[in-house]
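Report on the structure given below.
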Amino acid sequence: MSDTTAWPVEGRIAISTRTALTVIVGATLMTLAAKVQVPFWPVPMTLHTLAVMTFAVALGPHIAVSILLTYLAAGVAGLPVFSGSPERGVGLAYLVGPTGGYLLGYLVASWLVGWLALGKGTFGRVGAMLAGMLPVYAIGAAWLTIYVPVDRVLTVGVMPFLLGDLVKSAWLRLEARC
C-alpha cells in the first residue's frame with residue numbers, strides 16, 4: 001500500500017514551513033527594498049521593482065504573489081512597510097493614496113513575470129520582466145488619474161521612473177548571467 005508519489009506528512013509540513021518562511025522573508029525583503037532609496041536622476045530610485053521581479057523570476061508566480069499579498073496585508077494592517085511610511089501615512093489610507101495603483105501593479109506583475117519566466121533562459125526572463133512593467137505602469141498610471149490631471153500622469157507617474165526600472169532590469173539580467 002505504498003504510494004511513492006504521495007508526500008509523507010512530515011514532507012508536506014517541511015515544505016509548508018519552508019514556503020511560509022520564504023514568504024515572510026520575502027515580505028521583509030520587500031519592505032527593505034521599499035525603504036532603500038538610491039540617488040538617481042530624475043527621481044530617487046527605490047528597489048521595489050527589483051524585488052518584485054527577482055521574486056517572480058527566482059521563486060515563480062505562486063510564491064511571488066504570496067510575498068506581495070503578505071507585504072500588502074502588513075501595510076494595510078498599519079505596519080510601516082511602504083516607501084515613505086510612516087511619514088506619508090500607513091495602513092489602508094496609504095494603499096488608496098497616489099501610489100496604490102503601483103502597489104496593485106506589483107501584485108499583478110509578480111504573477112505575470114513569474115508565469116512568463118517559468119522554464120525560460122536569460123532572455124526569456126528579461127522579456128518577462130519587461131512585460132511585467134506594463135501592468136505596474138498601466139495600473140499605477142490609471143490609479144494616479146484620481147490624484148493628478150490626466151495630461152500630467154505620464155510626466156509625473158511614468159517617465160521619471162522608466163530609466164531606473166530599465167537599469168534594474170538590466171542589472172537583473174547581468175546577475176542572471178553570473
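The Cα atoms of the stretch 9-177 give a gyration tensor whose axes a ≥ b ≥ c have a/c of 1.5 or more with a/b no greater than b/c, which makes the shape oblate. Pull out a ≥ b ≥ c, the square roots of the eigenvalues of the alpha-carbon gyration tensor of the stretch 33-90, then state rounded if a/c is under 1.5, prolate if not and a/b is larger than b/c, and oblate in the remaining case. Oblate shape, in that a/c is at least 1.5 and b/c is the bigger or equal ratio. Computed from backbone phi, the HN-Hα couplings of the stretch 127-141 come to x, 5, 5, 5, 5, x, 5, 4, x, 4, 6, 5, 5, x, 5 Hz, rounded to whole numbers (Karplus: 6.51 cos²θ - 1.76 cosθ + 1.60, θ = phi - 60°; Gly and Pro given as x). Using a simple spin-label model with pseudo-atoms 7 Å out from Cα toward Cβ, Thr19 and Ala77 lie 1.9 nm apart.
Taking amide hydrogens as placed 1.01 Å from N in the peptide plane, the amide H of Met45 sits under 5 Å from those of Val38, Phe40, each at least 5 positions away in sequence or on another chain. Most tightly packed first, judged by the mean number of other beta-carbon atoms within 10 Å of their residues, the peptides 103-111, 125-133, 27-35, 91-99 read 103-111, 125-133, 27-35, 91-99. If the segment from Lys120 to Ala58 were pulled out straight at 0.36 nm per residue, it would be longer than the present Cα-Cα gap by 21.2 nm.
We did not get these values from a lab; they are worked out from the coordinates using the rules stated. If you're wondering where the values come from, they're calculated on a predicted model, not measured in any experiment. Glycine also receives a Cβ, built like all others from the backbone with ideal geometry; neighbour counts cover every protein chain displayed.
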